[in-house]
Ligand code: UD1
Ligand code: UDP
């Protein structure tokens, strides 16, 4: 019996790892051990509930306003005990969080093989996204199997000298997750209210979905983003901004300070992933600095303005689904207004193809693991 241990800790890792766990659990020759660091607590639990996954180990490390050093030290300390006890044959991690990087180090110290899902994305800027660019690079340096979502990500790894024998283009597992969530039933009070209003006024109500949480956007960049969002609502009628606010206290505080009390802006708690995916599908425009949202939204034919200067997901920009607008207040405002008023520009973005996968990434990953262990 081959033992595979998955380790993840934040909301996006969980959303992208749960489909892989479901696929691994179908294999009779493999034992799947689910370890969570709980770098996120409530936002992780929302995903585990949605996908019905009960972890075997929960390191429960989250602290209010945790530092990068807190996360790194706690993951290394606590995961080491679990790995020593379970002695897995392979540890699987996902993406670019500090949980991912620290778990990679634990795998290395214990001489356990490491599989890196969503490998090879690069901005080539050490500090953007921070600390994710370096987290992903360090994990890539330690990994034995690299699962790349796109051909571009594979090329990035090849250009760093990694062997093509260990690199597999699988698609992104977030598209696998979408196949499940979008089928599940859904209702949300804010959306229900908006649809009621549409019925009553006989006027189409448009929805702008906002998410923002990147460390490099905390502070003045986020002030610019929120100022632009307020201005958008002043320019257009029958428009609603829905903002599920990340639980980071810095974002909670600033959004309350700048955006509460505006009748067109709905500040709501983080949504469970099923509701969030449905909301994405109903949105007219998405403003985000999230990685996962950049990959999902093109599946719903909703244009995305990326609130960052650089993205490690250039495929969506090339396909036309994403536009990089950075964090300049005026650029965000004028680009959003243009899309919301110019049908031709809007349709061009909305009709772009999703380059991030076909919903079968997890199957491909499990197949590679089986081949690796000659099962
Ligand atoms: C983390 C990841 C980032 C990822 C993001 C997804 C790192 C360094 N950052 O950033 O790559 O894009 O998650 O959302 O790995 N909090 C709660 N409850 C929760 C989650 C967070 O209260 O469920 C609060 C806590 O006070 C915590 C703070 O948010 O200290 C920040 O969380 P943290 O994981 O350190 O950073 P994120 O910005 O969420
Ligand atoms: N998401 C969610 N609820 C929300 C906001 C986002 O379930 O209220 C999901 C979203 O569908 C995507 C993921 O969380 O799959 C993105 O997470 P986040 O933006 O926190 O992190 P990133 O992808 O930037 O690392």
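Values in this text are rule-based calculations from the coordinates and carry no lab data. The model shown is predicted, which means the values in this text are computed figures rather than measured ones. A quick note on method: Cβ atoms are made from the backbone with ideal geometry, for glycine too, and the neighbour counts reach across all protein chains shown.
Structure notes:
- Per-peptide packing, taken as the mean over residues of other Cβ atoms within 10 Å, places 246-257, 74-85 in the sequence 74-85, 246-257 from highest down.
- Under the criterion of Cα pairs below 8 Å and six or more residues apart, the relative contact order for the stretch 189-256 equals 38 percent.
- The stretch 212-352: C-alpha gyration tensor shape, a/c 1.5 cut-off, then a/b vs b/c: rounded
- Relative contact order, percent, the stretch 218-375 [alpha-carbon distance under 8 Å, six or more residues apart]: 20
- Sorted by Cβ neighbour density within 10 Å, fewest at the top, the residues 106, 331: 331, 106
- Highest-MSF residue in the chain out of 237, 193, 272 [GNM, Cα springs under 10 Å]: 193
- C-alpha long axis of helix 361-372 to longest principal axis of the chain, angle in °: 10
- Residue-span extension gain [residue 309 to residue 262] - 0.36 nm each, minus C-alpha spacing: 14.1 nm
- Relative contact order (%) - the stretch 1-158, alpha-carbon pairs under 8 angstrom, separation at least six: 21
- Rounded to the nearest 10 degrees, the angle from helix 329-341 to the longest Cα principal axis of the chain is 70 degrees.
- Cβ-based exposure ranking for 118, 363, 315, 13, in which fewest neighbours within 10 Å come first: 363, 315, 13, 118
- Gain upon complete extension [residue 220, residue 192; 0.36 nm per residue less C-alpha separation]: 6.7 nm
- Each of 59, 158, 178 was scored by other Cβ atoms within 10 Å of its Cβ. Arranged with the fewest first, they read 158, 59, 178.
- Cα centroids of the stretch 310-362 and the stretch 122-173: 23 Å apart.
- Rounded if a/c under 1.5, otherwise prolate or oblate - the stretch 1-140, Cα gyration tensor axes: rounded
- Per-peptide average of other Cβ atoms within 10 Å, ordering 261-270, 218-227, 290-299 highest first: 290-299, 218-227, 261-270
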